[in-house]
Structures are given as structure tokens and as C-alpha cells.
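The values are calculated or read from the model by the stated rules, or taken from the named source; none is laboratory data. Here the structure is a predicted model, which means the values were calculated and not measured. So basically every Cβ, Gly included, is an ideal-geometry build from the backbone, and we count neighbours across all protein chains shown. Just so you know, the surface numbers come from the protein's heavy atoms only, side chains and all, with ligands and any DNA or RNA stripped out. Shrake-Rupley method; radii C 1.70, N 1.55, O 1.52, S 1.80 Å.
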Amino acid sequence: MAAMSSRCAASSSSSAFLGAPLPGGRHHQGSCGFVAAGGGAKTTVRVAAALDTEATAKAGKSSSRARRARKDGGEPGGSSSTALLAPTHPDGGGGGGVALDDVIVNPVGLGRRSRQIFDEVWRKFSRLGQMSTVASPEQEEQEGVLFRGGGPMCDFAVPGAQDTTVLVVGATSRIGRIVVRKLMLRGYNVKALVRRNDQEVIDMLPRSVDIVVGDVGDASSVQAAVSGCNKVIYCATARSTITGDLNRVDNQGVRNVTKAFQDYYNQLAQSRAGKSSKSKLSIAKFKSAKSLQGWEVNQGSYFQDIYPSRFDEGTDASFEISENGQAVFSGFVFTRGGYVEVSKRLSLPLGSTLDRYDGLLLSVGGNGRSYVIILETGPLADTSQSKKYFARMNTKVGFCRVRVPFSDFRPVNPQDPPLDPFLVHTLTIRFEPKKQRPGDSSQGASDPRNFQLIMEFIKALPTGQETDIVLVSCTGSGIEPNRREQVLKAKKAGEDALRRSGLGYTIVCPGPLQEEPGGQRALIFDQGNRISQGISCADVADICVKALHDSTARNKSFDVCYEHVSKQGDELYELVAHLPDKANNYLAPALSVLEKNT
């Protein structure tokens, strides 16, 4: 559990443009703040106190007028007549400064100019979503004060954001509306998938957002929305607790988005005569008897020096195609300390190596037993030098897809180095009766020494640095008890579909949502369904946006909520550190301690 303090980026958006550089990317040393009162409200504008040659030439006349003014009426009274302050020299002295008596500024003209600059800043601020449009050279020269380097002159801008298109599914939801504005503030191109485009929805979203009308349950409309997008933030949630509505939005909707996103990148790769970096690598497909060639069934025992007792009933196993065309690995192990396994030496396509992938994905079925996956590395010519690594795979009754990341594999010999997927040459699936999980309901109907594993395919999941899809789920806290089970069932089914897709994912499970400003309280990031506090919608939206380019957020699922505030004297923990980071990147240190692929 990690407690991290966050600050909402949108709370200070209006001040992001103060102190704009002059054309050419230069800042003048002599800049000062002015506060002009008008209509009962104060507007702060920062004006560069740059003196041109004309002002310097008039300095003599200004000083003479100032001396005559002192002779006639003494020192000038009031702060409004001398608003321009002398700049401070970088080394601490006043060299290069302008004396207060040498310059006289017209407060009326200054206020008018300040108002013009502020109006221009606000106009550009409202057009952040249109920054990628082509402007004329004259317009670019005029806008040089407000923009630099292909993006807004703003501390929140993300490099390359103007070349990234993000699809927000559920853009009119409580979180989605804030996500859209945060993305635009950072310079992204935003597409929104909404169910209808009436005036109420149009008024809810900024004009520069590309609105796509469709239903997440309709695969064709989802394909049209995904086209041209680089990343997806899924904020949609069912409007009711009817089972059909929950399954359509929280389960089937996620499946449609992940499939459409994967298909879109496959089409792009095919048009380039290449292969998508988000595609899975097929290691084995079990469709016919020919696909079983090269797989060998072996038996063994961990007690090599002890003869089986007379009470042992032997071991038997087979791997064959059943009558209905399924590849079935089945049998029994009654020998004490015995096991059976099926293995094959891998034959990957030319130019493909497993070090470019994140783990294994197995589509299996059967009676819910637990198995051990063993990867063998080393030189093919000398198997005696091979090193073995193992990871456990738990299945359930019926068909399921199991994701086994390479990071879960541990060496059989503790002295061996960590697994290097590049060197893997043999894959083994082993069944051990002694390793079955106690209390499994699937084992009550049959002897746990019997097993049946139906295998459909084995694939390698692609690796990557960033998240492709951010999914906003829930923890179940705050939902009425009579509806919680059916809501969580649909949510978890959508999460599992995303994890098995092969895309880089981040699943955010917030506590009960609250309508209040973000960045006001510390956040708790946890895994294990242990949180109970609420969280602001703005904080959840900020996490979603930050997770798009954070490598520590890839393939992670986590719960997040506000820090629990104990009574005085009953604190369970204390804040140990602040992160004085300009970008306020609290997400990376918070997620670095959490596990992947959970």
C-alpha cells in the first residue's frame, strides 16, 4: 500500500499561460506583475518591461518632467502613477535597471493593454483542442507569445500529444467529461464515443472534440470510433443494473473495443506489409492430429531411489485428438511423488524470439486442475547445460484463458540467473497431484489424481512500454448489497477480456465516486479489494490521463481511494515523503511497488 499526495492539474489551468515568452522563445529579465482593479474583480497579468530604443530616447524628457513635478508638487503621490518596477540583475545588483523616476506609465493605457493580452490568452486557451490546425505565417508570428514548439506554452502539455488521438468511451459520464478536458488541456486530439448527439450532449463536450455516435454493444460502430486512434480510455458504465445492460456495457463493450483496436492495428500492419507490434505470436494451435506432432508425453517421479510401494496404482497419460476435434491431455497419477508432462521443442517463425514478448497466453479447458509450466533454456546442442524455469497455472472447470507473464517464472535451481526469454527452446506442461489446491470445489466430484486438460492454443503476448487501453472499473464499495454481485460479475468479465487481449492495459478500480475538486487529499493505491474510502472523479480522471504514458502503469490493475483520516492520536501511519516534482508525477512511484498481471 502506498500513500501519495496528488494535485489536480486542472485547478491551476488559468495561470499556465502567465509569463509568456516573446517571439523567438526569449524571456526578458525585467518582468513584473500588475494587478488592475476593474468591476470589483482583480485580474493578474504579467507584462514584460522591455525598453525599446524609442523609450530610451524619451528617458531624458521623462526625467526632466519628473524633476519639474517634484519642484511643483513634491514626490508623486499614489502607486498608480508609477507602476513599472525596476528589474533585478541576476547577480543580485541593480545593473541595467530603470529608475522609478525615469519612466512614467499611463495607467489607462496599461490597463487596456493588459485586458487585451488576457483576452488573447483566454481565446487561445479555449482553442487548445485545435492546436494542430495550420495557421498562416502572419498568424504564427502573432501567436508566438502563446505557443512554442508545436504545442501550448503550458506546464501540463505532453510532448507529442498533438500527434496522439485518444478515444474516450463514455465521454459524457462523470469521469469521462473531466477526462476529455484534461486531455485537451495537454494537447491531445480527442474522439468521443457517445450514444446520441442531441444538443445536450453537444453542449456537454468542447466543440473541438470529434464526436462519434454509436453503442459499445455494436461492433460496427466501435470499429468506426477506434479508427485513427492511438489510445483508448474506457469510462462507460451501465445506466441500470439490469443484467442485459450490464453485460452489454461492462462486458461485451470492453470486448468489442479491444477487438476493434487490435483489428485496426493489424490492418495498418498489413497495409505496410508488416506485422502489428500489438499482435500475439502463435506458438501452438491444436486443430488436428497433425498439430500434435512433436509433442511428447513423459512420466516421472521425484523419488528416484525409492521403488513404488505396493499400494501405488501406477501412472498413465495421453495427448490426443478427441472425437469432437479437441486436443486432450488426460490421465491419472497414482504413484507417490509421480508426475506426467507433455513437452515440445519450440519452432518459432523466422525472425521471432520470445524476448520481444511479455508472457504466455493459454486457452484451455478441463476439470479445473493446477499445472506447472516449465521453460527450458540453454544451447540446443548440449541439453545438459540447460536451465529450467517454472511457473504455476491454475485453471477452472470449463474453458478459460490463462495469462502467465515471463516475470512469474522462477529458476528450478536457485543459483541460476533470471529467465531470459530469448534463450527458451522447450515448453513443458506438467501435472503433479501433490500440488493441487486444497478445498477446490472442482475436486470434490472426482479424485484429484485424475486430470483432463483441453488445449486450444498457446500464444505469446506482445510487450511494450506504454498502456494502450485504460479501463475504469470499480471495487464494489458503495454499491447496494443486493446489486453488488451482478455488477461486479460483469465488471470482472470485462477486465478479464482486456487482460487476455494482448494489449497493454491499466485497470483503475476507484472507491465510491464523489463530486468534489481533485488534488485535495492524499491517495491510496492498493491491490486486494481492501479499500473502503471514496475518491473524487477529478482524481480518477487525472490518474487515467497520467497512465497513458507511464511505463509503470502498463499491465497493472489497482484500487485507489482517499487516504483514511483517523481521529487525533489514532493514526495508523504517517506521511514519510513528498515528491517536489514540477510535473507532479505521483503515479510512477505509487505503482512501482504493485504487481503486474494481477
Just one listed residue, out of GLY478, GLY494, GLY464, is in contact with a Pro (Cβ under 6 Å, 6 or more places away or on another chain) and either modelled with pLDDT under 90 or closer than 23 Å to ARG403 by Cα (or both), and it is GLY478
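So which strands (runs of 3 or more DSSP E) are wholly in the stretch 315-432 and hold at least 3 residues that are closer than 25 Å to LYS280 by Cβ and not hydrophobic (A, V, I, L, M, F, W, C)?
Filter on the stretch 315-432 gives 338-345, 357-366, 370-377, 387-394, 400-405, 424-431.
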Helices (runs of 4 or more DSSP H) enclosed by the stretch 197-277 - at least 3 residues per element that are of a type outside the set (Gly, Ala, Ser) and touching a helix residue (DSSP H, G or I) at 6+ places or on another chain (Cβ under 7 Å): 219-226, 253-271
For the stretch 227-245, indicate whether the set of residues that are among the aromatic types (Phe, Trp, Tyr), in the same structural domain as GLN486 (by the TED database), at pLDDT 90 or above and more than 14 Å from ASP215 (Cα to Cα) is non-empty. no
I need the full set of residues from the stretch 497-536 which are out of contact with any Phe, Trp or Tyr (no Cβ under 9 Å at 6 or more places or on another chain), in a strand (DSSP E or B) and closer than 27 Å to GLN262 by Cα, in order please. TYR505, PRO510
Under the condition of being open to solvent by 100 Å² or more (accessible area, probe 1.4 Å) and touching a Ser or Thr at 6+ places or on another chain (Cβ under 6 Å), which residue from the stretch 398-423 is farthest from ARG369 (Cα to Cα)? PHE422
Among (1) part of a loop (DSSP other than H, G, I, E, B); (2) free of Cβ contacts under 8 Å to residues at least 60 places away in the same chain, there is one condition LEU193 misses while meeting the rest; what is its number? (1)
Examine the stretch 372-391 for a residue that is within 17 Å of LYS596 (Cα to Cα), outside the structural domain of ASP496 (by the TED database) and either touching a residue at least 40 places away in the same chain (Cβ under 8 Å) or of a type outside the set (S, T, N, Q) (or both), and state whether such a residue exists. yes
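Which residue, of ALA538, ALA460, ALA497, is crowded, with 22+ Cβ neighbours inside 10 Å and within 19 Å of the chain's Cα centre (by Cα)?
One residue alone meets the criteria, ALA538.
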